[in-house]
Amino acid sequence: PAKPIQIKVVLLGEAAVGKSSLVLRFVNDEFQENKEPTIGAAFLTQKVRLDDSVLKLDIWDTAGQERFHSLAPMYYRNAQAAVVVYDITRASSLDRAKAWIKELQRQANPNIVIALVGNKLDLVAENDNEEEEISEDHEDNGGDGDGKTRQIATETARAYADELGLLFVETSAKSGQGVVEVFTEVAKKLDLS
Ligand code: GTP
Ligand code: MG
């Protein structure tokens, strides 16, 4: 196998959408029910193995609170990939994700690989995606009885992502669904470019 290729990835998105939780799931295969907000940014690394290469991801997990917005360019500058996260149960978070994507398209590396990620899939009780059939042994992941409902349809977000040529994945940092796929798809797209 070829020597590891080092890739800088930045996570962006509204506060509390689950950026840190996605990274924690991907890097340590853990989940924390009450994760504290990120202050400034956090740095973690993880390897992704593709068919004939290994990519080392240097992951910058930024803080979503608006008071940290001005720091973001430091983290997305020179990034080869951006994972822009929204919460499928909070409509405002997709608007915020779209604003991040516009900012990236204006200010980041013009070849940056962008993934749009709809997180907190486990909170949605109804099984409204035929490609995401909930298996019987995971039925108890559907809805926690805390009254959350889906506010962003899968197809709405996918159509937007397709139009802009972005990768698109729905995830749950809590169950792990889709999480490895996000980083693997990003790595595959980078490997080809
Ligand atoms: P900032 O650092 O403030 O920008 O927030 P963040 O985007 O990093 O969110 P964080 O990972 O801290 O998660 C916010 C809250 O949502 C925490 O209480 C998490 O436990 C919860 N959470 C994150 N991902 C999921 C998920 O997939 N499902 C559920 N049910 N809860 C989640
Ligand atoms: Mg965070």
Cβ pairs under 8 Å, 6+ apart, first in region 28-47 and free of Cβ contacts under 8 Å to residues at least 40 places away in the same chain, second away from ligand 2 (no atom under 13 Å from the Cβ) and assigned to a strand (DSSP E or B): 43/58; 45/56; 45/57; 45/58
Just give me the residues in region 52-64 being of a type in the set (A, V, I, L, M, F, W, C), within 13 Å of ligand 2 (Cβ to nearest atom) and within 21 Å of residue 185 (Cα to Cα), in sequence order. 59, 60
Residue 19 meets each of (1) within 13 Å of ligand 1 (Cβ to nearest atom); (2) in contact with a Lys or Arg (Cβ under 9 Å, 6 or more places away or on another chain) with one exception, condition (2)
Flag if residue 24 is outside any strand (DSSP E or B), at pLDDT 95 or above, within 13 Å of ligand 2 (Cβ to nearest atom) and surrounded by 20 or more Cβ atoms within 10 Å (Cβ to Cβ): yes
Hey, residue 12 within 16 Å of ligand 2 (Cβ to nearest atom), over 22 Å from residue 178 (Cβ atoms) and of a type outside the set (Asp, Glu) or not: no
Within region 47-65, the count of residues that are away from ligand 1 (no atom under 12 Å from the Cβ), in a loop (DSSP other than H, G, I, E, B) and not charged (D, E, K, R) comes to 2
When you check residue 44 against the structure, is it in a strand (DSSP E or B), more than 18 Å from residue 168 (Cβ to Cβ) and within 16 Å of ligand 2 (Cβ to nearest atom), yes or no? yes
Within region 45-73, the residues that are under 16 Å from residue 180 (Cα atoms), touching a helix residue (DSSP H, G or I) at 6+ places or on another chain (Cβ under 8 Å) and surrounded by fewer than 17 Cβ atoms within 10 Å (Cβ to Cβ) are 45, 46, 50
Mind telling me which of the residues 186, 180, 169 ends up being at pLDDT 95 or above and within 14 Å of residue 112 (Cα to Cα)? 186
Of all the residues that make up region 1-15, how many are within 13 Å of ligand 1 (Cβ to nearest atom) and either within 12 Å of the chain's Cα centre (by Cα) or not in a loop (DSSP other than H, G, I, E, B) (or both)? 5
The listed residue being modelled with pLDDT under 95 and farther than 14 Å from residue 189 by Cβ, out of 67, 49: 49
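The values are calculated or read from the model by the stated rules, or taken from the named source; none is laboratory data. Just so it is clear, the model here is predicted, and its values are computed rather than measured. Note that we place each Cβ from the backbone using ideal geometry, even for glycine, and neighbour counts take in every protein chain shown.
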